[in-house]
1. Take peptides 205-215, 42-52, 27-37 and line them up by average Cβ neighbours within 10 Å, highest first, as a rough protection proxy.
2. Just need the Rg to Rh number for segment 8-61, please, alpha carbons only, Kirkwood Rh.
3. Taking 0.36 nm per intervening residue step and subtracting the Cα-Cα distance, what contour gain separates Asp109 from Arg33 on full extension?
4. So between Val184 and Gln83, what do we pick up on full extension, going 0.36 nm a residue minus the alpha carbon distance?
5. With a Cα-only, solvent-free Debye model of segment 1-137, what are the log10 I(q)/I(0) values at q = 0.09, 0.17, 0.18 Å⁻¹?
6. Report, to one decimal in Å, the Kirkwood hydrodynamic radius for segment 146-214 based on all distinct Cα pairs.
7. Can you work out D for the chain in µm² s⁻¹ from Stokes-Einstein, where Rh is the Kirkwood radius over C-alpha pairs, the temperature is 25 °C and the viscosity is 0.890 mPa s?
8. Per DSSP helix of 4 or more residues, -39500 (n - 2.57); summed, then divided by the residues of the chain. What does that give at 222 nm, rounded to the nearest 500?
Amino acid sequence: MSESDDGMRLQVFMAHSGVASRRACERIILDGRVRINGKVASELGVRVKDGDRVELDGRLLGIEDRKRYILLNKPAGYLSAMQDLAGRPLAVSLLRGVEERVYNVGRLDQWSSGLLLFTNDGELAYLLVHPSGGIEKEYFVVADSPLGDDFFAAFRDGLEIDGVAYRALSAMRAGPDSARITLVEGKNREIRRVLEYFGKRPRILTRIRIGSLSIGEMGEGSFRDLSEAEVAALRSYGREKK
């Protein structure tokens, strides 16, 4: 641990631990969710020294010497979470042999498949999930019945469902009952809710692209580390979209 002889600022330590960006970590600290050696650390300016035990919501934090950036092709049926009290299968369990503590970047709902990123780099994770990062996420959808032109027009122009606004960056027909949809903000279950609004349900819902990363030939359940060039491209992609 470094930064100064007095230790590392808590928000910096948390960001290096893969929690979130430094700014987001400051909000977490002020919310009283962090403990150092058993005591709540709810003020900015607190420093962490070697040997200190830092916990977030009861989970022990630590800085990994090696940053990992992993792309998984998640099968349907797996949760994008680090734990589940109901014992449902977790996407992170598919990362066999990965020793670093990595966390999923954003979420992909349980019954959707496709690309899901994992990392212990909190700064990059924040860039990828925050709407200001402008990271595009593209999906291939097959509905249970033909999709009308009204579905595509409404999704592109924007619509409101139960008080929530939904709008796709692009929505293009791929077949009578299929589509390619690109989102930026990606609200919870957005595509499913718009389909349901038009009386449809997805038979297949797969994320095929995140920013500059495409699914390619990755088989379901397989994963790989990103190259340095791919990580750099993700960083620059987010900055260019701001």
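Computed from the coordinates by the stated procedures, all read-outs in this text should not be read as laboratory data. Since the structure is predicted, the reported quantities are computational estimates derived from the model, not experimental observations. Cβ coordinates were reconstructed from backbone atoms using ideal geometry, including for glycine residues, and neighbour counts include every protein chain displayed.
1. Ranked from most to least packed, the peptides come out as 205-215, 27-37, 42-52.
2. Working: Rg = 9.4 Å, Rh = 10.6 Å.
We get a ratio of 0.89 for segment 8-61.
3. Numbers: separation 76, 0.36 × 76 = 27.36 nm, distance 2.58 nm.
The span from Asp109 to Arg33 would gain 24.8 nm if fully extended.
4. 33.7 nm
5. -0.29, -0.97, -1.06
6. Over segment 146-214, the inverse of the mean reciprocal pair distance is 12.4 Å.
7. 126
8. Details: 6 runs with 55 residues, N = 242.
The helix-only estimate for the chain comes to -6500 deg cm²/dmol at 222 nm.
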